[in-house]
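Asks: My questions all concern the structure below.
Only the coordinates and a few stated rules stand behind these numbers; no lab work does. These numbers were taken from a predicted model, which means no experiment stands behind them. As a convention, Cβ positions derive from the backbone with ideal geometry for all residues, glycine included, and neighbour counts pool all protein chains shown.
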Amino acid sequence: MSSQLVRIQTKITAKNQGSSPETKIVVGVHGSNAKKLAYINSVVTVEDEDDIKLTVTELESATGGHRLFSVELDEALKAGSSKQIDVIAVFTHALRPHPAAIGQSEKQLVLFRGSHYLLSPYQVAQQTTTVKLPSSTIESYTKLKPSSSNENSISLGPYRDLAPLAESEMDIHFENNMPFLTVNEMTRWLEVSHWGNVAVEETYHMTHTGAALKGHFSRYDYQRSPTYSAIKSFKTVLPASAKDVYYRDEIGNISTSNMNNLDDSVELEIRPRFPLFGGWQTRYYMGYNVPTFEYLFNKGDKYVLRMRLVDHVYDDFVVDRLEVKVVLPEGARDIEVTAPYSIERAPQQLHKTYLDTSGRPVVVVKKDNVVDNHIQDFQVQYTFHKFVLLQEPLLCVAAFYILFMTVIGIVRLDFSISKDEAQDSRMKVSSLLDELRSAVDQRSAVYAAFDSAVDKFKASKDATAFATAQKKCQSDYTNISSKVNAVGASLIKEDAELSEKVAEVQRKETERKAQLEQLVALATKVVSGKINRQQFSEGEASAKTKREKLEDEIEVIVAAL
């Protein structure tokens, strides 16, 4: 009883006085503290080896408010043989402040009520009890001879030949200034990500369940005189791989906390905004991240998450109500939960966050009356297909694609209330000018084809081939000229000011065509021998010079449009 918890370790030497082997032993808890039992376990101690843990199962046949437990032995106890086992039981709220209220600087006294005898359904040949206390100040205790006290311990017994289920009420009134800090409600949130991180957040509602503060709080007396039962700070132990640790309350970040990185853990000293006296409460939450490779294991599509149900909150902590929520990745199924002790599994929930569609499954487990002996691993097994990991990146790609297409569509829409005829006309004129430039370029290409046909005709003197090429070039020229005329007419219709320039383009084109026809006529004469090559060369140079000059003038006019 050296803290707010009552830990009872019972060493039992059991002898089988029957005629057949026994595989189980029954142990009990007195009715006065039966509802305060938080943890019970049994082991067999083997020298130089690890203890052998035994299976403990509660029986339903107890009477008088007592609780009986069946301990299954590691091996059968033969007739006439003896065996020693250890039974560890932990009780919460078994120490009652007495008096219930004290002054700010007074020491705290507590009262424990139990039994001198071990509750056993068997005949007890001999029993000895040693009670260890946190201080040497013992106000009183129920003396059942033989008994004695020495400094911070009380010795009771030996008591012999006790009847089955024997009882003898025992009260111990003593000084205990250890922190009586109780977590009324604790919510532990574990969010698993297959991208390499497990986010942990814990929310606490704490109460100092020791002797209530009598009168008002004096800051002056608090700084001047010692306070024995006030809680100024406590230490929480986190996993060694914990990072991004934060500690906050409703107001915001609490900067008075300190963190110390050790070899095998991270120690976080939590200092509330105010000292806690009896009856005072505080609320806060803390969180951190750990890597998945230390806690998440898989074989194919089968995954196992192995983490602690509860971590070290503070020394000798008590949690009245613990709720653990495990958020698994979206798409997890076939979920199973296993724990080394009994837990309550609540209905499964859904948690929706960014890039989720149907939501992430949330496994909810609950446990009452939790102490540090419950710091053990539990497992969550589930099935998860790896290709589901592509869902979030594909959703991002699809979202950006839809966004860009929407923007492209919006900027191309016309949201004007009335039609702007001038703007429409300018846009139409601009389109027609583009067509005109294109047609003029195509017509220049036809001229180049004419020149090529003339050069071949001079070299080969093949009149038939020349006539065919001339016919094709003339056809292309006619089609393009018709297109140029149509575009020119449309331009004049849209903008009458362009009529003179369009007409000038047509006149110069007529002159350029005449120069081409002159060149064709010269080529025909030189091939037939009517003129010599010097005359042809002089006429060809003159025609090409005039034609190039006209072509440049046409391009200048079109560009000016």
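Asks: Pairs Lys24/Lys53; Lys508/Lys530; Lys428/Lys549; Lys36/Lys214; Lys472/Lys546: which exceed 20 Å Cα-Cα?
Replies: Numbers: Lys24/Lys53 14 Å; Lys508/Lys530 30 Å; Lys428/Lys549 30 Å; Lys36/Lys214 27 Å; Lys472/Lys546 24 Å.
Distance filter (> 20 Å) returns Lys508/Lys530; Lys428/Lys549; Lys36/Lys214; Lys472/Lys546.
Asks: In what sequence do Val364, Val527, Val27 fall when counting other Cβ within 10 Å, fewest first?
Replies: Details: Val364 15, Val527 18, Val27 23.
Lowest to highest Cβ neighbour count: Val364, Val527, Val27.
Asks: For Glu106 and His312, FRET efficiency with R0 = 35 Å and r from the beta-carbon atoms, rounded to 0.05?
Replies: Working: r = 30 Å, r/R0 = 0.86.
After rounding, the FRET efficiency stands at 0.70.
Asks: So what is log10(I(q)/I(0)) for the stretch 406-561 at q = 0.14, 0.15 1/Å, when the Debye sum runs over its Cα atoms only?
Replies: Taken in order of the listed q values, log10 I(q)/I(0) reads -0.77, -0.85.
Asks: In cubic angstrom, how much convex hull volume per residue do the alpha carbon atoms of the stretch 181-390 span? Intermediate results must be reported in sequence, preceding the final value.
Replies: Numbers: hull volume 30.0 nm³, N = 210.
Output value, Cα hull per residue: 143 Å³.
Asks: A further question on this structure: Would you kindly state how much longer the chain becomes between Lys352 and Ile254 on full extension, computed as 0.36 nm times their sequence separation minus their alpha carbon distance, in nm to one decimal?
Replies: 32.4 nm
Asks: Within 10 Å of each residue's Cβ, count the other Cβ atoms and sort Lys544, Lys367 from fewest upward. Let's see the in-between values first.
Replies: Details: Lys544 14, Lys367 21.
Ascending number of Cβ neighbours within 10 Å: Lys544, Lys367.
Asks: Please list, in order, the residues from the stretch 99-116 whose amide nitrogen is less than 17 Å from a point placed 7 Å along the Cα→Cβ vector of Lys143.
Replies: What the label zone holds, given the 17 Å backbone N cut-off, is 116.
Asks: Binned at 20 Å from 0, what are the whole-percent values of the Cα-Cα distance distribution for the chain, short to long?
Replies: Calculated over all Cα pairs of the chain, the distribution is 15, 28, 17, 9, 11, 12, 8, 1 percent.
Asks: Hey, another quick one. Measuring from the lowest to the highest alpha carbon on each principal axis, how far does the stretch 185-253 reach, largest first, in angstroms?
Replies: 54, 22, 22
Asks: Now for a different question. Starting from 0 in steps of 5 Å, tell me what percent of the Cα-Cα pairs of the stretch 51-142 lands in each bin.
Replies: 2, 7, 14, 18, 17, 13, 10, 8, 5, 3, 1, 1, 0
Asks: Using label points projected 7 Å from each Cα along Cα→Cβ, tell me how many nm separate Lys235 and Val43, to one decimal.
Replies: With each label placed 7 Å out from Cα toward Cβ, I get 2.2 nm.
Asks: What's the percent breakdown of Cα-Cα distances in the stretch 140-284 across 10 Å bins, shortest bin first?
Replies: In whole percents, the pair-distance histogram is 8, 26, 25, 19, 16, 7, 0.
Asks: When a footprinting reagent is the concern and you count Cβ atoms within 10 Å, what order do Val407, Val237, Val192 take, fewest first? Could the numbers behind the result be given before it?
Replies: Numbers: Val407 10, Val237 18, Val192 23.
Ordered from fewest to most neighbouring Cβ atoms within 10 Å, Val407, Val237, Val192 come out as Val407, Val237, Val192.
Asks: What does the stretch 6-175 give for Rg and for Dmax, in Å, if only its C-alpha atoms count?
Replies: Final numbers for Rg and Dmax: 17.6, 63 Å.
Asks: Under the Karplus relation 6.51 cos²θ - 1.76 cosθ + 1.60, θ = phi - 60°, what is the ordered set of whole-Hz ³J(HN,Hα) values for the stretch 352-362, x standing for Gly and Pro?
Replies: Here the 3J(HN,Hα) series is 10, 9, 4, 6, 9, 10, 8, x, 9, x, 10 Hz.
Asks: Could you rank the peptides 494-501, 29-36 by their average count of other C-beta atoms within 10 Å per residue, with the highest value first? Walk me through the intermediate numbers first.
Replies: On the way: 494-501: 13.5, 29-36: 18.2.
My ranking of the peptides, most packed first, is 29-36, 494-501.
Asks: Another one. Test of understanding: what is the full-extension gain from Leu394 to Ser225, defined as 0.36 nm times their sequence separation minus their Cα-Cα distance?
Replies: Numbers: separation 169, 0.36 × 169 = 60.84 nm, distance 6.51 nm.
This chain segment gains 54.3 nm when fully extended.
Asks: So for each of 84-90, 62-68 I average, over its residues, the number of other beta carbons within 10 Å; can you give me the resulting order with the highest mean first?
Replies: Numbers: 84-90: 18.1, 62-68: 14.9.
Ranked by mean Cβ neighbours within 10 Å, highest first: 84-90, 62-68.
Asks: While we're looking at this one, here's another question. What does the helix-only formula give at 222 nm for the chain: each DSSP H stretch with n ≥ 4 adding -39500 (n - 2.57), the total divided by the residues, and the result rounded to the nearest 500 deg cm²/dmol?
Replies: Working: 6 runs with 157 residues, N = 561.
Taken over the chain, the calculation gives -10000 deg cm²/dmol.
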